[in-house]
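Before any comments, here is the structure.
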Amino acid sequence: MRYGPVSVDYQVRAARITDVDRLVALSHEAIRTSADGSPMVAADLLRQLVYLPQATVVVAEAGRDVIGGAVLALRPSVRLGGFVGTVDMLMVDRQHNLEQVTEALIEELLRSARNKGCTVVEALRPDDHAERSRLERLGFAGSAPMMRRMVGAGRTAASQS
């Protein structure tokens, strides 16, 4: 019996405190550790961010497994006319479809940014060409060190200069 390709649906939801350890494991040393090499500082901060209104922490699930996560941090900007969201962390389990999971996570962060009054979402411009191309396909543009995507209604790319 032959089976064709199977489509996997990814669900993106708000992170719970019980998801933090899995997010730290997925980060593969991308998040800072404490002086003694323990990731507890990052884990503790993530646990706090789950509850704070100045951040959005989301996870992607396949079945019941957390396979990715992202953090959007908010800051006010008078110059940009509202809040600015920064994609502070984005991680995906390499055993899953990197493109689809990244897109699902970013789209949820953008939705949250719009709901919280952000006019712009920024992300550090990745050094890796594939990661940078992925963000560009999702609407981010700009040069080092930051890439931006406008999210607020009524703001145009020309008006941000």
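Please treat every number below as a calculation from the coordinates, not as lab data. Everything numeric in this text was worked out from a predicted model, so none of it was measured. Glycine gets a Cβ as well: all are built from the backbone with ideal geometry, and neighbour counts include every protein chain shown.
Structure values in brief
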| quantity | calculated |
| --- | --- |
| ALA104 in a strand (DSSP E or B) and under 21 Å from ALA15 (Cα atoms) | no |
| Residues located in segment 42-53, provided they are under 14 Å from the mean Cα position of the chain (by Cα) and under 24 Å from MET146 (Cα atoms) | LEU46, LEU49 |
| Pair list, Cβ under 6 Å, 6 or more apart: segment 49-61 residue under 21 Å from TYR10 (Cβ atoms) and touching a residue at least 12 places away in the same chain (Cβ under 8 Å), other residue among the β-branched types (Val, Ile, Thr) and assigned to a strand (DSSP E or B) | VAL50/VAL57; VAL57/VAL71; VAL58/VAL12; VAL59/VAL66; ALA60/VAL12; ALA60/ILE67 |
| Residue in segment 38-45 that is buried (at least 18 other Cβ atoms within 10 Å of the Cβ), touching a strand residue (DSSP E or B) at 6+ places or on another chain (Cβ under 8 Å), not β-branched (Val, Ile, Thr) and not in a loop (DSSP other than H, G, I, E, B) present | no |
| Segment 46-55, subset of a type in the set (A, V, I, L, M) and outside any loop (DSSP other than H, G, I, E, B), residue nearest to VAL120 (Cα to Cα) | ALA55 |
| Test result for GLY68, buried (at least 21 other Cβ atoms within 10 Å of the Cβ) and under 14 Å from TYR10 (Cα atoms) | yes |
| Selection count where residues are over 13 Å from the mean Cα position of the chain (by Cα), under 26 Å from GLY152 (Cβ atoms), part of a strand (DSSP E or B) and not aliphatic (A, V, I, L, M), scope segment 56-101 | 5 |
| Residue that is farthest from GLN54 (Cα to Cα), among those in segment 112-123 that are in contact (Cβ under 8 Å) with a residue 12 or more places away in the chain and surrounded by fewer than 16 Cβ atoms within 10 Å (Cβ to Cβ) | ARG114 |
| Condition check for THR119: hydroxyl-bearing (Ser, Thr, Tyr) and either within 20 Å of GLY152 (Cα to Cα) or in a loop (DSSP other than H, G, I, E, B) (or both) | yes |
